[in-house]
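The values are calculated or read from the model by the stated rules, or taken from the named source; none is laboratory data. As the structure is a prediction and not an experimental result, all values here were calculated from the model. Note: ideal-geometry Cβ built from the backbone for every residue, glycine included; neighbour counts use all protein chains shown. Heads up: the accessible areas ignore ligands, DNA and RNA and are worked out on the full protein's heavy atoms, side chains in. Shrake-Rupley method; radii C 1.70, N 1.55, O 1.52, S 1.80 Å.
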Amino acid sequence: MNIDDAKMVGIKAIHRGARVLRNHFGLISQVSQKGAFDLVTEADTESEKQIIGTIRETFPDHAILAEESGVNNGTAEYQWLIDPLDGTTNYVHQLPFFTISIALASGGNIELGLILNPMDGELYSAIAGRGAALNDTPIQVSSTASVSDSLLVTGFPYDFGGIVEPAMKRFSICQQASQGVRRLGSAALDLCYVACGRFDGFWEQNLKPWDKAAGAIIAAEAGAVITDFSNQPFSIDQKEILVTNGRIHQEMLSLLQIEE
């Protein structure tokens, strides 16, 4: 399979999903709950349907892991990881900070990542070994050298059980050590903003594979360092993720090491 062909299919799919989200924005009639605070709307499910349908037109034998429909096995070695709406709570409240995230993996390695904010048209992309781009313009992480000069971003999981206190402690420590910590409500967007230098570092716990697969390759290809909180190599199945411009990584690791 040609990765550039896959990228074109992914871009076609992501724009079809984006059309659904824009058409439903501000007009949501039904909101369901997958958990106490984990929302899903008809926009999520219809966006996912359009994305999967578009991919299946060209790659009917590829496996798919999508947030709303789960695993669809295929006969090929390739798997698409799809989040049709990352930032559903923002979307429901008509805040324009949400994305569609699509990644393609082969043999457990992420080969392609695409993330689009349907409201501002920013499309982030990366192919393994070929760098990252924002709307086809190359991007790279910031050159900030210390946490004290950094703007950071984080998120809190829907399933807070057992980690409320350590999560809030890490937030407090990093807030005091940096120029500030933001919370946008979309992990995919957070990763892209580290990739293009708007943020200097990001950390979060309990993300799902589809939340971080595309954003991780985009950030890595833009020069980011990605590990867990203990500096172990990144994988999409880990419960922790720390992403920085590299220059502040060791300092961030020290800040996140707390007694739980």
Within the range 234-260, considering residues that are more than 16 Å from the chain's Cα centre (by Cα) and modelled with pLDDT under 95, the one nearest to ALA195 (Cα to Cα)
GLN257
Those residues of the range 156-177 which are over 23 Å from the mean Cα position of the chain (by Cα) and either surrounded by 19 or more Cβ atoms within 10 Å (Cβ to Cβ) or at pLDDT below 90 (or both) amount to GLY162, GLU165
Do any residues in the range 163-174 that are in contact (Cβ under 8 Å) with a residue 60 or more places away in the chain have Cβ atoms under 9 Å from those of residues that are open to solvent by less than 20 Å² (accessible area, probe 1.4 Å) and assigned to a helix (DSSP H, G or I), where the two are at least six apart or on different chains, and which pairs are they?
ARG170/LEU256; ILE173/LEU256; CYS174/VAL147; CYS174/MET252; CYS174/LEU256
Do we find that PRO118 is in a loop (DSSP other than H, G, I, E, B), crowded, with 24+ Cβ neighbours inside 10 Å and over 14 Å from the mean Cα position of the chain (by Cα) in this structure?
yes
Hey, among VAL141, VAL153, which residue is within 22 Å of GLU240 (Cβ to Cβ), assigned to a strand (DSSP E or B), β-branched (Val, Ile, Thr) and open to solvent by less than 40 Å² (accessible area, probe 1.4 Å)?
VAL153
Pairs, first on the phi > 0 side of the Ramachandran plot in the range 228-248, second at pLDDT 95 or above and aliphatic (A, V, I, L, M), C-beta under 8 Å, six or more apart:
ASN231/LEU253; GLY246/VAL141; GLY246/ALA224; GLY246/VAL225
Every residue from the range 209-252 that is in contact with a Phe, Trp or Tyr (Cβ under 7 Å, 6 or more places away or on another chain) and surrounded by fewer than 18 Cβ atoms within 10 Å (Cβ to Cβ)
GLU240
When only residues in the range 186-205 that are touching a residue at least 60 places away in the same chain (Cβ under 8 Å) and over 21 Å from VAL92 (Cβ atoms) count, which is farthest from the chain's Cα centre (by Cα)?
CYS196
Those residues that are out of contact with any Leu (no Cβ under 9 Å at 6 or more places or on another chain) and open to solvent by less than 20 Å² (accessible area, probe 1.4 Å), I need them from the range 121-138; list them, please.
ALA132
Of everything in the range 38-86, what is open to solvent by 20 Å² or more (accessible area, probe 1.4 Å) and hydroxyl-bearing (Ser, Thr, Tyr)? Give them in sequence order.
THR45, THR58, SER69, THR75, TYR78
In the range 87-111, which residues are surrounded by fewer than 21 Cβ atoms within 10 Å (Cβ to Cβ) and either in a helix (DSSP H, G or I) or of a type outside the set (A, V, I, L, M, F, W, C) (or both)?
THR89, ASN90, VAL92, HIS93, GLN94, PRO96, SER106, GLY107, GLY108, ASN109, GLU111
